[in-house]
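The block underneath contains the structure these notes are about, expressed in structure tokens.
Each value in this text was obtained by applying a stated rule to the coordinates, not by laboratory testing. Bear in mind that the values here come from a model prediction, so they are computed numbers and not experimental data. Because the Cβ atoms are built from the backbone with ideal geometry, glycine has one as well, and the counts that use them run over all protein chains shown.
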Amino acid sequence: MADALLSLKDVRAGYGAAVVLDGISFDVPVRGSLAVLGRNGVGKSTLLLTIMGFTAIARGAVLWRGEDITRLPPNRRAQEGIGWVAQEREIFPSLTVEENLTVASRPGDWNLKKVYDLFPRLHERRGNKGNHLSGGEQQMLATARALMTNPDLLLLDEPLEGLAPIIVEELSAAIGRLAAEQGMTLILVEQHAEIALSLTDEAVVIERGTIAHRARSKDLLADQATLDRLIGLKVEA
Ligand SMILES: Nc1ncnc2c1ncn2[C@@H]1O[C@H](COP(=O)(O)OP(=O)(O)OP(=O)(O)O)[C@@H](O)[C@H]1O
Ligand SMILES: [Mg+2]
């Protein structure tokens, strides 16, 4: 696809000799959004780690704006505009919210004002240390910090995991605005399938390291039987 921002072509990847992903192919167009669904341990985080360059790629290719970046190290991929929020969030505990944001800052449209507009709660907490934040606030901070690097693609690894329902709502609304209003290109790994599908254009379901199903998100959202078979419907609290 000529206008793909990111393409994976028949990727096989894992850790050392252990293969976790195999035969993975998809394209994400500029301003597109892809939900990556699947049960625990199927390889969703490994997929994002592979896009960032942290795994061993044994076969296939990763293309960024049509250029082969399969052998490019993670820091170079970040510089090229791939932003990633790890499942572990990894904010700096001894820095304030604002310091966490400013250390990550790189030139571009996203600045403190813009991330505080997206996450007003972070503005309220801007003087709090990272270790004095709730799980939801930490996730907002990790996401905002990735935005401060002004990425062209944002990879989010289970941002809603373990959060209270009210925070799930607040955060998913922000992710929705990021995609719809700001036009951010997104890959959203989630186990909250229905929410992820409501926020994205396209979806893939991973099973044992391969893509078991792909569909338009709105079609998969309407296809409860397939959702149930592949992931078991996560009850939205
Ligand atoms: N650093 C690592 N070294 C070796 N194997 C790993 C490593 N990280 C993950 N794995 C293995 O890779 C497989 C996929 O793990 P991964 O974390 O990608 O799954 P996941 O879909 O993100 O799961 P979850 O929903 O629990 O986050 C698992 O079998 C896991 O044990
Ligand atoms: Mg994971």
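If you keep only loop residues by DSSP, which trypsin sites (Lys or Arg not before Pro) in region 15-76 have at most 13 other Cβ atoms within 10 Å of their Cβ? Loop-located and lightly packed - Arg71.
From the alpha carbon centroid of region 79-145 to that of region 204-235 is 31 Å. Footprinting exposure proxy ranking of Val36, Val42, fewest other C-beta atoms within 10 angstrom first, gives Val42, Val36.
Only the Cβ atoms of Lys and Arg (+1) and of Asp and Glu (-1) were treated as charged; on that basis the dipole of region 71-173 about its Cα centre amounts to roughly 400 debye. Checking the cross-link filter: which lysines have an alpha carbon closer than 26 Å to that of Lys129, excluding same-chain neighbours under 8 positions apart? In chain and number order, the partners are Lys113, Lys114. Restricting region 128-237 to trypsin sites (Lys or Arg not before Pro) that sit in a DSSP loop and have at most 15 other Cβ atoms within 10 Å of their own Cβ leaves Arg208. Listed by chain and number, the lysines whose C-alpha is less than 21 Å from the C-alpha of Lys44, apart from same-chain residues fewer than 8 away, are Lys9, Lys218, Lys234. Counting only GluC sites (Glu not before Pro) that are in a DSSP loop and have at most 15 other C-beta atoms within 10 Å, tell me the longest site-free stretch of the chain. Longest run free of exposed loop sites: 1-79. Taking the C-alpha atoms only, the angle from helix 135-148 to the longest principal axis of the chain is near 80 degrees. With n ≥ 4 as the cut-off for DSSP H runs, can you work out [θ] at 222 nm for the chain, using -39500 (n - 2.57) per run divided by the number of residues, rounded to the nearest 500? Counting only the DSSP helices, I get -9500 deg cm²/dmol. Given springs between every Cα pair under 10 Å in a Gaussian network model of the chain, which of Leu49, Leu199, Leu133 has the largest fluctuation? Result for the chain, Cα springs under 10 Å: Leu133 fluctuates most. In the chain, the longest principal axis of the Cα atoms and the axis of helix 165-180 are about 70 degrees apart.
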